[in-house]
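> Mind having a look at this structure? Questions to follow.
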Amino acid sequence: KEWAIRMSENGYAYQTINNYKRSLKASFYIAIQDDCVRKNPFDFQLKAVLDDDTVPKTVLTEEQEEKLLAFAKADKTYSKNYDEILILLKTGLRISEFGGLTLPDLDFENRLVNIDHQLLRYTEIGYYIEKPKTK
């Protein structure tokens, strides 16, 4: 529990701490099964130790969306990206999923987009294709 408090004091967000805790709890569970340790120090409710400071994501209102599109269409710099902004707003695609789209992914006849990969980039290896986060 002290670990979670220290993580919070060091500026980590509740959800980040929760993700680490989940992985560590699973790892210690395996260690218990292998008789390496007797107790899992991460077998506690994080809510009992820290306040959940997670800010819920908010969606743009219809009015905000219209203003954004009007701005993008009229602006000299952003007008060249109007179509991309419109697609992202109307489909809910992640940027990486949008960047990974290829012509075979688009079914214009049935108005469908097949998302089975995304374009990612790591400094060390450059760009590469990977399965999306969610199905």
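The values are calculated or read from the model by the stated rules, or taken from the named source; none is laboratory data. No experiment lies behind these values; they were computed from the predicted model shown. All Cβ positions, glycine included, derive from the backbone under ideal geometry; neighbour counts span all protein chains shown.
> Which of the numbered conditions does Ala4 fail, given that it passes all the others? Conditions: (1) part of a loop (DSSP other than H, G, I, E, B); (2) touching a Phe, Trp or Tyr at 6+ places or on another chain (Cβ under 9 Å).
Only one criterion in (1) part of a loop (DSSP other than H, G, I, E, B); (2) touching a Phe, Trp or Tyr at 6+ places or on another chain (Cβ under 9 Å) is unmet by Ala4, namely (1).
> Out of the range 83-135, which residues are assigned to a helix (DSSP H, G or I), touching a residue at least 12 places away in the same chain (Cβ under 8 Å) and not charged (D, E, K, R)?
Ile85, Leu86, Leu89, Thr91, Ser96, Phe98, Gly99
> Out of Gln33, Gln118, I need the residue that is at pLDDT below 95, assigned by TED's automatic domain parsing to the domain that holds Ala13 and among the polar types (S, T, N, Q). Which one?
Exactly one residue qualifies, and that residue is Gln33.
> A further question on this structure: For the range 27-80, enumerate the residues that are surrounded by fewer than 11 Cβ atoms within 10 Å (Cβ to Cβ), in a helix (DSSP H, G or I) and among the charged types (D, E, K, R).
Lys47, Glu62, Glu63, Lys80
> Can I ask one more? So, of the residues in the range 83-135 that are surrounded by 14 or more Cβ atoms within 10 Å (Cβ to Cβ), over 18 Å from the mean Cα position of the chain (by Cα) and not hydrophobic (A, V, I, L, M, F, W, C), which turns out to be farthest from Lys57 (Cα to Cα)?
Applying the filter and picking the extreme gives Asp105.
> When the range 7-25 is examined, which residues are found to be closer than 30 Å to Gly92 by Cβ and either in a helix (DSSP H, G or I) or among the β-branched types (Val, Ile, Thr) (or both)?
If the condition is that a residue be closer than 30 Å to Gly92 by Cβ and either in a helix (DSSP H, G or I) or among the β-branched types (Val, Ile, Thr) (or both), then Tyr14, Gln15, Thr16, Ile17, Asn18, Asn19, Tyr20, Lys21, Arg22, Ser23 are the ones that fit.
> Which members of the range 60-87 meet the condition of being touching a helix residue (DSSP H, G or I) at 6+ places or on another chain (Cβ under 9 Å) and hydrophobic (A, V, I, L, M, F, W, C)?
The answer is Leu60, Leu68, Leu69, Ala72, Ile85, Leu86, Ile87.
> A follow-up question, please. Considering every residue within the range 66-74, establish whether at least one is without any contact (Cβ under 8 Å) to a residue 40 or more places away in the chain, closer than 27 Å to Lys131 by Cβ, hydrophobic (A, V, I, L, M, F, W, C) and not assigned by TED's automatic domain parsing to the domain that holds Pro132.
Of the residues in the range 66-74, the ones without any contact (Cβ under 8 Å) to a residue 40 or more places away in the chain are 66-74.
Those left that are additionally closer than 27 Å to Lys131 by Cβ: none.
No, the conditions are met nowhere in the range 66-74.
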